[in-house]
Amino acid sequence: MAPQLYMSSSPHIHSGESTNAIMRSVIYALLPTCAVSVYYFGLDALLVLLLCVAGCLAAEALCCLLAQQPVSIGDGSAALTGILLALNLPASSPWWLALFGALIAVTIGKQVFGGLGHNLFNPALVARVVLLISFPVQMTSWTAPNPIGSGVDAIAAATPLGEMQTAVMLNGQLPPSAHSGFGDYFIGNMAGSLGEVSALAILLGAAYLFKKKVITWEIPVSYLGSVIAFGGIMWLIDSQLYPDPLFHLLTGGLLLGVFFMATDMVTTPITRNGMLIFGVGCGVITVLIRLFGGYPEGVSFAILLMNGATPLIDRYTRPKVFGRILHKT
Amino acid sequence: MLTAVLGLGQIGLVAAIALGWASKKFAVDVDARELAVNEVLPGVNCGACGYPGCSGYAGAVVKEAAPINLCPPGGSEVITAIARIMGLEDDVTEPQVAVVLCQGDNRKTTQKYIYTGMHDCNAANNIADGPKQCPNGCLGLGSCVTACPFDAIEITADDLAVISRERCTGCGLCVTACPRQLIRMTPATATVHVLCNSHDKGGVVRKYCEIGCIGCNICKKTAPEAFKIDQFLAQVDYAHDDDAAMAIDKCPKNCIVDFNSTYPDGSKFKPASIQPPTPACAGKDLP
Amino acid sequence: MDKKTFVGGVHPPDCKHYSAAKPIEVCPLPEQLIIPLSQHIGAPAKEIVTVGDQVFKGQTIANATAFVSVPIHAATSGRVMAIEPRPHPSGKLLPAIVIEVDGEDRWDPSLKGLDVAHWNSDELRQRIKAAGIVGMGGATFPTHVKLSPPDDKPIDTLIINGVECESYLTADHRMMLEHSEKIIDGINILRRVLGVKQAIIGIESNKPDAIACMTKAAAAHDIEVQALEVKYPQGAEKQLIDAVLKREVPSGGLPMDIGVVVQNVSTAAAVSDAIRLGHPLVERVITISGPAVVEAKNLLVRIGTPMEFLLQQCDGIKYELDKIIMGGPMMGQSQLSLAAPAIRGTSGLLLFGHQDLPHIEVGTCIRCGRCVTACPLHLLPATIASYAILGRFDEAEDYCAHDCMECGCCTFQCPANRPLVQNLRYAKAGILAKQRRT
Ligand code: SF4
Ligand code: SF4
């Protein structure tokens, strides 16, 4: 006689939210950005996207098989890592770069820590940084956007941030592109990696995530706020040398980072105050690297650094427990 | 390039000097005996002695005259060794192994309900006294596995805990972890056990378990010295268990097991006496 | 009206439509009543009858054995058939007095109401204890204990809990609609016992009819009715006080530490019965509901009526059952079978089939922080749970695991469906065991 009834500890009902659904929502939210990148960079972009996603799924399956664990590609996190990685690569990336990145992201970025939920760093960013350091040439050969149907061959170009850095280094002042062309930046008509192009598409995706309550306001607001504040202060100090905050916002991977990578749940604090600190930290480091660092772009480094600080932040931002005056840390 | 090498070299030098100075300055005087005791302890830091790790216990033995027989994994060898170091009389305890007194896996027993939730026996046991119909049987959720520092316990595919006699060091941590008190420490020399823990009447046991002791007395009749029946449950009297093996075939419910010749169904552990055949030899024999 | 509330909490689907519009029906007498000796928090009562005794309705059949304990009464007249372990809602077999019902339902003639002239705190408190009144919201904490604050803890406010924030349950809702006068009378008695003037009834704003009804009944008595935001666990004592008065009960403390006593609306009604009529707590309203039941109802049930019998009154079930829950879906207990009886703390009996409940795989924690936001006590459930699983109870204690009230918000919200509440319980047990050892 097999038992019929289930018993468990309370509660017996559930909100219906699931890890899969969260991952799926984030993937949906990234679709506009993917579409824009394919529009501007053509089949190259599509290829990079497909390679990264396929690579991540394969690497994930392989890791699970090797560890004799149930294969977890169904939870969508590997696919998401793949998309995020692709959005961090230039459209001109060779195929091996994409695959190698995918392998790094899933193995070193995630599975060595024990899989989803245990990784300390954002897998896609780990892979990006590893690639950036190992293959600087391939990782920084940008092409100018080349909308589908324009019939022109892809030409090499610099990203606005790269242009800025070179100009500041050579001439000691900002290039003209740092003062105009914001409209183009907003819709994505500039050189950069797949996901760095269109602010509009990213904001659309972010709006969807907010509506679905997948992400909360703390990290985006504090991150953007601190970039604006810190970037703004520098601009006020010397507007010839430092670009205005809007330029910071619209160029490079900032928006992608803010809404899709700095909000990655696994690698960010779980407490509200922790999230705020995390966002501010990311913002400050990003601007520091952009203005004073050796690399033109600092989003990935900033987020990774703060990822590393997350356990510490969590430890010291414990909320005040109801009914307790003070809590020990 | 050169600057980098020199720079790193300098850092290394400074750090080395600092470390050397610190080790002198902050050196702690350690009783030589404490080091020696620490040396003979197994070094697994299992905590079974009740002190923080092996070195903690070593310190306690030397400074606080803690009993020298608190290290179950070390067994008698360690006790003798500590006794020699400390100049104490050897008071050796008999080596023990833990035995799970149940064979009722999911195929052989019935469940009251389908449990969902935390994968832990103690947690499950709090919900209507556990999902198993048998009030004393193994829940198979592995609280003992978590407690065992030596990886000596497995949960079979049908959710039964089995302890390897080779890996078990007799530390006893699993005994307290089990909410149903069905793990018992037994002398390592005793290999025959009645693998049942249910004191229910035979008729009741039959209803929920195919392989539970029904208290029929047959084993006791076969080997009167070796068995005692306590409230419908046969138990091996480990003080006089010489004849216990005689009853194995007589038991109508097959609940007497000799770990020398077999382990419970589905276990990946094998008796020490049965060596797995080595395929390499088979090949070599061919001309 | 402004709606007050607390920080944290979740919004489970309220599912009250099954039974909200059903007036309270009187449940007939079963053939047997199974009256457990343990129906409240505190020491179980001790039986004072023997097998074969004739008992009246309302007669005391078991005495309180400690200060935190209450007597138990026969819920109808009949003969004591057995005193033996019987199925209990906790899933265990626990001692119970089984009464063979004679169908005459005769009250114990010695039970008399208390004349208003004799109302004084001690006498009233004594009567309330003798009537076996406990918190009927589900916690079953003996009411007289709450009504006996030590002298150094002056009480200034009585809060009456009409929130009923658990999904499906409508028993208190119906009580407020149909017995508002009795509730108000009970509140007046409680005020008298405590010597307080201020009394506030808290009701979730999803029950506008109950708010209207209670406001009307309370108007002449200087009792305030406060509408509260619809959010779970609005009805938890500490959250209710926080919402209504903006006072935080200290951790490990009681509402009386901050000058408040909270009583449930049904408890207030029971107090009225006990004082005016001398009737002990022998019956209560129970919501029988859930998607699997044919006709959801609010039944006035004798304590000790087997759940099977209650289900029969609702024409049984529509399809095979998957889970039976006594109480609400967030904090109720799943049941082993329908054999256990309704007891004083039973607010509902909910029946679910397989398709009605989540059967989600448990995944790993993705550190989303949903549980942190949901926890009304501002704990870090995910962190505590991971320490609990590792058996690191010192750390769990440091993170205030023992403050958890097991409301279930964290588990409800967790996208990985982790059994956080159970982990928290496990941690609490571990901490307790540790404290006992040292
Ligand atoms: S930790 Fe406890 S109090 Fe907090 S939400 Fe979970 S069950 Fe409720
Ligand atoms: S809600 Fe669940 S997945 Fe999210 S942090 Fe809490 S335990 Fe982890």
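The values are calculated or read from the model by the stated rules, or taken from the named source; none is laboratory data. As the structure is a computational prediction, the values presented were derived from the model and not from experiment. Reconstructed Cβ throughout: ideal geometry from the backbone, glycine too, with neighbour counts over all protein chains shown.
Figures for the structure shown
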{"quantity": "Pairs with Cβ under 6 Å, 6+ apart, first in segment B:204-221 and in contact (Cβ under 8 Å) with a residue 24 or more places away in the chain, second part of a helix (DSSP H, G or I)", "calculated": "B:212/B:205; B:214/B:202; B:214/B:205; B:219/B:247"}
{"quantity": "Residues that are within 18 Å of residue A:271 (Cα to Cα), touching a helix residue (DSSP H, G or I) at 6+ places or on another chain (Cβ under 7 Å) and away from ligand 2 (no atom under 13 Å from the Cβ), drawn from segment C:394-412", "calculated": "C:395, C:396, C:399, C:401, C:404"}
{"quantity": "Residue under evaluation residue A:10, criteria (1) free of Cβ contacts under 8 Å to residues at least 40 places away in the same chain; (2) of a type in the set (S, T, N, Q); (3) part of a helix (DSSP H, G or I), criterion not met", "calculated": "(3)"}
{"quantity": "Verdict on residue B:117 being away from chain C (no Cβ under 14 Å) and either crowded, with 23+ Cβ neighbours inside 10 Å or on the phi > 0 side of the Ramachandran plot (or both)", "calculated": "no"}
{"quantity": "Selected residue [without any contact (Cβ under 8 Å) to a residue 60 or more places away in the chain, among the hydroxyl-bearing types (Ser, Thr, Tyr) and under 30 Å from residue B:271 (Cβ atoms)] from B:116, B:110, B:80", "calculated": "B:80"}
{"quantity": "Hits in segment C:421-438 (condition: near ligand 1 (Cβ under 10 Å from one of its atoms) and facing another protein chain (nearest Cβ under 9 Å))", "calculated": "C:421, C:422, C:423, C:425"}
{"quantity": "Flag for residue C:336 being in a loop (DSSP other than H, G, I, E, B), at the interface with chain A (Cβ under 9 Å from one of its Cβ atoms) and within 13 Å of ligand 1 (Cβ to nearest atom)", "calculated": "no"}
{"quantity": "All positions within segment C:1-24 that are outside any strand (DSSP E or B), within 16 Å of ligand 2 (Cβ to nearest atom) and buried (at least 18 other Cβ atoms within 10 Å of the Cβ)", "calculated": "C:8, C:9, C:12"}
{"quantity": "Matching residues in segment A:104-138 - criterion: being part of a helix (DSSP H, G or I) and under 22 Å from residue C:364 (Cβ atoms)", "calculated": "A:104, A:105, A:106, A:107, A:111, A:112, A:113, A:123, A:124, A:125, A:126, A:127"}
{"quantity": "Residue satisfying all of: in segment A:261-276; under 23 Å from residue A:249 (Cα atoms) and surrounded by fewer than 23 Cβ atoms within 10 Å (Cβ to Cβ); nearest to ligand 2 (Cβ to nearest atom) among these", "calculated": "A:265"}
{"quantity": "Tally, over segment C:192-231, of residues that are within 29 Å of residue C:118 (Cα to Cα) and part of a loop (DSSP other than H, G, I, E, B)", "calculated": "5"}
{"quantity": "Some residue of segment A:245-264 being of a type in the set (Gly, Ala, Ser), away from ligand 1 (no atom under 16 Å from the Cβ) and more than 18 Å from residue A:34 (Cα to Cα)", "calculated": "yes"}
{"quantity": "One residue from C:243, C:269, C:292 being out of contact with any Pro (no Cβ under 8 Å at 6 or more places or on another chain), surrounded by 20 or more Cβ atoms within 10 Å (Cβ to Cβ) and either without any contact (Cβ under 8 Å) to a residue 24 or more places away in the chain or within 24 Å of residue C:39 (Cβ to Cβ) (or both)", "calculated": "C:269"}
{"quantity": "Failed item in (1) surrounded by fewer than 17 Cβ atoms within 10 Å (Cβ to Cβ); (2) assigned to a helix (DSSP H, G or I); (3) β-branched (Val, Ile, Thr), with residue A:71 passing the rest", "calculated": "(2)"}
{"quantity": "Unique match (being in the same structural domain as residue C:296 (by TED's automatic domain parsing), more than 13 Å from ligand 2 (Cβ to nearest atom) and assigned to a loop (DSSP other than H, G, I, E, B)) among C:345, C:391", "calculated": "C:345"}
{"quantity": "Filter result (over 17 Å from the mean Cα position of the chain (by Cα) and within 14 Å of another protein chain (Cβ to nearest Cβ)) within segment A:82-115", "calculated": "A:111, A:113, A:114, A:115"}
{"quantity": "Identity of the residue in segment C:219-236, within 16 Å of ligand 1 (Cβ to nearest atom) and closer than 14 Å to residue C:207 by Cβ, that ends up surrounded by the fewest Cβ atoms within 10 Å (Cβ to Cβ)", "calculated": "C:231"}
{"quantity": "Set B:87, B:140, B:53: member being touching an Asp or Glu at 6+ places or on another chain (Cβ under 6 Å) and at positive phi", "calculated": "B:140"}
{"quantity": "Tally, over segment C:348-378, of residues that are without any contact (Cβ under 8 Å) to a residue 40 or more places away in the chain, within 16 Å of ligand 1 (Cβ to nearest atom) and part of a loop (DSSP other than H, G, I, E, B)", "calculated": "2"}
{"quantity": "Of the criteria (1) surrounded by fewer than 23 Cβ atoms within 10 Å (Cβ to Cβ); (2) in contact (Cβ under 8 Å) with a residue 60 or more places away in the chain, which one residue A:41 fails", "calculated": "(1)"}
{"quantity": "Pair list, Cβ < 6 Å and 6+ apart or interchain, from segment A:76-97 residues that are in the same structural domain as residue A:110 (by TED's automatic domain parsing) to residues that are assigned to a helix (DSSP H, G or I) and of a type in the set (Lys, Arg)", "calculated": "A:76/A:24; A:88/A:128"}
{"quantity": "Test: residue C:394 is farther than 22 Å from residue C:11 by Cα and of a type in the set (D, E, K, R)", "calculated": "yes"}
{"quantity": "Complete set of residues in segment C:66-87 that are more than 15 Å from residue C:106 (Cα to Cα) and outside any strand (DSSP E or B)", "calculated": "C:66, C:67, C:68, C:69, C:70, C:71"}
{"quantity": "Some residue of segment C:111-128 being among the hydroxyl-bearing types (Ser, Thr, Tyr) and either closer than 30 Å to residue B:112 by Cα or not assigned by TED's automatic domain parsing to the domain that holds residue C:336 (or both)", "calculated": "no"}
{"quantity": "Condition check for residue C:415: within 11 Å of chain A (Cβ to nearest Cβ), within 16 Å of ligand 2 (Cβ to nearest atom) and at pLDDT 95 or above", "calculated": "no"}
{"quantity": "From C:350, C:357, C:380, residue being among the hydrophobic types (A, V, I, L, M, F, W, C), under 28 Å from the mean Cα position of the chain (by Cα), facing chain A (nearest Cβ under 10 Å) and within 10 Å of ligand 2 (Cβ to nearest atom)", "calculated": "C:380"}
{"quantity": "Flag if residue A:23 is within 14 Å of another protein chain (Cβ to nearest Cβ), at pLDDT 90 or above and in a strand (DSSP E or B)", "calculated": "no"}
